[in-house]
Amino acid sequence: MENQWRSILGSAGFYVTMAVCLLVVGVSGYFLLFDDKETPVQETELPAADAAAAAPAPEIEEPEEPPVVEAISPEPVTEAKPAMPEVEIDDTPVFAEAPRLTVSPLQGEVVTAFSVDALVYNPTLEDWRTHDGVDISAELGTSVLAACSGTVAAVTEDALMGATVTIDHDGGYQTTYANLQATPAVEAGDSVSAGQIIGAVGATAAAEAAQGPHLHFSVTRDGDVVDPDEFLNG
């Protein structure tokens, strides 16, 4: 038996067999030793450009939109203007008046002048009073003329001023002829022209009998007493 082992060990096959066994044992040991260990991963630095590209892009927060504020336009301020005063327009047609032709109703001496601002003495009534006309002295029967064209308004017998003729004229004027003879030459409603005979000087005015024969001539405009001289020469 011992001789058999020696022959096996002395042969070349024995050594080959031993080598194979050792190799198997070595390989098995290597795998057993390194299988349980993690293979280290070598970190490789990337270039800066590649690193930037590889890095995830940072999230960019979008700016919040400002709240929309509705612009309110200020209302225009209108300055209050003072109201214009209402002007009444008189649309009454205006007609040009023809020049007024006047004549003196009687030529003679003025014995009592026109006076409404001061009292004058009346010799017939023997008192002081105003005098709304003029007394023109003349002989009985002297013609009395219409001082201006117009229409006879009235022919009367006044208790104080005697026979009287009143004539209406344009412009609101009215002339009165008193102390005439009893029967004047015109009647109410007659149209007369300037200088036309309307009567004659008389002595019928009881309130002025002391002055003798004369014409009492007076003028009014719209009812207001007017100086006869202004009417005749105005």
Those residues of the stretch 209-222 which are touching a strand residue (DSSP E or B) at 6+ places or on another chain (Cβ under 6 Å) and not in a loop (DSSP other than H, G, I, E, B), in sequence order: 211, 214, 215, 216, 217, 218, 219, 220, 221
Within the stretch 188-210, residues within 57 Å of the chain's Cα centre (by Cα) and open to solvent by 50 Å² or more (accessible area, probe 1.4 Å) come out as 188, 189, 190, 191, 193, 196
Subset of the stretch 108-130 (residues that are free of Cβ contacts under 8 Å to residues at least 24 places away in the same chain, of a type outside the set (Phe, Trp, Tyr) and open to solvent by 50 Å² or more (accessible area, probe 1.4 Å)): 113, 117, 118, 119, 126, 129, 130
Determine, yes or no, whether residue 134 is open to solvent by 30 Å² or more (accessible area, probe 1.4 Å), touching an Asp or Glu at 6+ places or on another chain (Cβ under 9 Å) and not in a loop (DSSP other than H, G, I, E, B). no
So residue 66 clears everything in (1) open to solvent by 100 Å² or more (accessible area, probe 1.4 Å); (2) modelled with pLDDT of 65 or more except one condition, right? Which one? (2)
Working carefully through the options 175, 164, 156, find the one that is under 49 Å from the mean Cα position of the chain (by Cα), of a type outside the set (A, V, I, L, M, F, W, C) and in a strand (DSSP E or B). 175
Scan the stretch 178-208 for residues that are of a type outside the set (A, V, I, L, M), in contact (Cβ under 8 Å) with a residue 60 or more places away in the chain and in a strand (DSSP E or B) and jot them down. 202
Among the residues of the stretch 211-234, write down those that are over 17 Å from residue 111 (Cα atoms) and open to solvent by 50 Å² or more (accessible area, probe 1.4 Å). 221, 222, 223, 224, 225, 230, 233, 234
Give the stretch 175-187 a look and list any residue that's among the small types (Gly, Ala, Ser) and crowded, with 17+ Cβ neighbours inside 10 Å, or say none. 178, 185
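The values are calculated or read from the model by the stated rules, or taken from the named source; none is laboratory data. From a predicted model like this one, the values you see are computed outputs, not experimental measurements. Methodologically, a virtual Cβ is constructed for each residue, glycine included, from the backbone with ideal geometry; neighbour enumeration extends over all protein chains shown. The area values use the complete protein model at the heavy-atom level, side chains included, leaving out ligands, DNA and RNA. Shrake-Rupley method; radii C 1.70, N 1.55, O 1.52, S 1.80 Å.
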